[in-house]
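Trainee: Below is a structure I'd like to ask you about.
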Amino acid sequence: RSQEANDQSASKLRFDKSGHVEYIKFDGINKTGKWDSPASPSGFFRGILGIQAQDEFVEKNKTERKDGSFYLNYRQQYKGIEVEGGIYILHFNKNKLTKANGHYVNTTGIDTSPKLTPGEASKSYAEYLKIPNAVPVKFLHGVVISEIEKVSGEDTVHNARLCYKIDLLESTADKGETGYIDAQTGEVLKTLNRGYNDSATGTFSTIYSAPR
């Protein structure tokens, strides 16, 4: 194939490193890749993206345009748990998909039953932040699946993990960050500035520890 043909193909269809469609565009006449334009969101998610049985993309909002076309914003869940970064935007016109773009997080093999309690995970995070053991710590916590970035040689690998997403409150050690703690091991996997990422949502609790 000519370079021009390859460039035209890439302008209509792109895959991520895992082989999932991250961008696809239909012209209303021809196939894109091996696919005809689907008439429904499920036709995209099941037929083109090929999501796993226990994955789900939940519609968050719909925006309609004056010409009757519209686009839908979807967020990924796995066994009912939010998957951060899993998002697709689907554009429809005259009951046909015209364009889709987003990211599908690979959730294969994730154990969705935490081995740690929220309090244990929060203590792990408090130790990571070097908060004195005798200080009562208030925290917000929720459970999410999040991709953790690791550099392996020249490659950057993203592996999804079940995490407690924790905000410590009213603490001098709090730097305005949300901690991601492995729900199975207690390892602090990453921290993100709350201005960059949504803060933890869920239960409000307090942990008390006796001084060592």
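Trainee: Within the range 17-56, which residues are polar (S, T, N, Q) and crowded, with 17+ Cβ neighbours inside 10 Å?
Mentor: Thr32, Ser37, listed by residue number.
Trainee: Same structure again: Would you say Asn95 is on the phi > 0 side of the Ramachandran plot and out of contact with any strand residue (DSSP E or B) (no Cβ under 6 Å at 6 or more places or on another chain)?
Mentor: Yes; evaluated as a whole, the condition is true for this residue.
Trainee: Suppose we filter the range 17-38 for residues that are more than 15 Å from Leu90 (Cβ to Cβ) and in contact with a strand residue (DSSP E or B) (Cβ under 6 Å, 6 or more places away or on another chain); how many remain?
Mentor: The qualifying residues number 1.
Trainee: Here is a follow-up. Taking the criterion of being within 17 Å of the chain's Cα centre (by Cα) and closer than 17 Å to Ala160 by Cβ, would at least one residue in the range 61-75 satisfy it?
Mentor: yes
Trainee: Oh, and also: For the range 90-107, how many residues meet the condition of being modelled with pLDDT of 95 or more, of a type in the set (D, E, K, R) and touching a Ser or Thr at 6+ places or on another chain (Cβ under 9 Å)?
Mentor: 1
Trainee: Sticking with this structure for a sec: Return yes when Leu116 is in contact (Cβ under 8 Å) with a residue 60 or more places away in the chain and in contact with a Gly (Cβ under 6 Å, 6 or more places away or on another chain) and no when it is not.
Mentor: Yes, satisfied.
Trainee: Now a separate question. Filter the range 57-85 down to the residues that are part of a strand (DSSP E or B), in contact (Cβ under 8 Å) with a residue 12 or more places away in the chain and among the hydroxyl-bearing types (Ser, Thr, Tyr), then identify the one that is surrounded by the fewest Cβ atoms within 10 Å (Cβ to Cβ).
Mentor: This residue is Tyr71.
The values are calculated or read from the model by the stated rules, or taken from the named source; none is laboratory data. Just so it is clear, the structure is predicted and the values come from calculations on it, not from any experiment. Backbone-built Cβ (ideal geometry, glycine too); neighbour counts: all protein chains shown.
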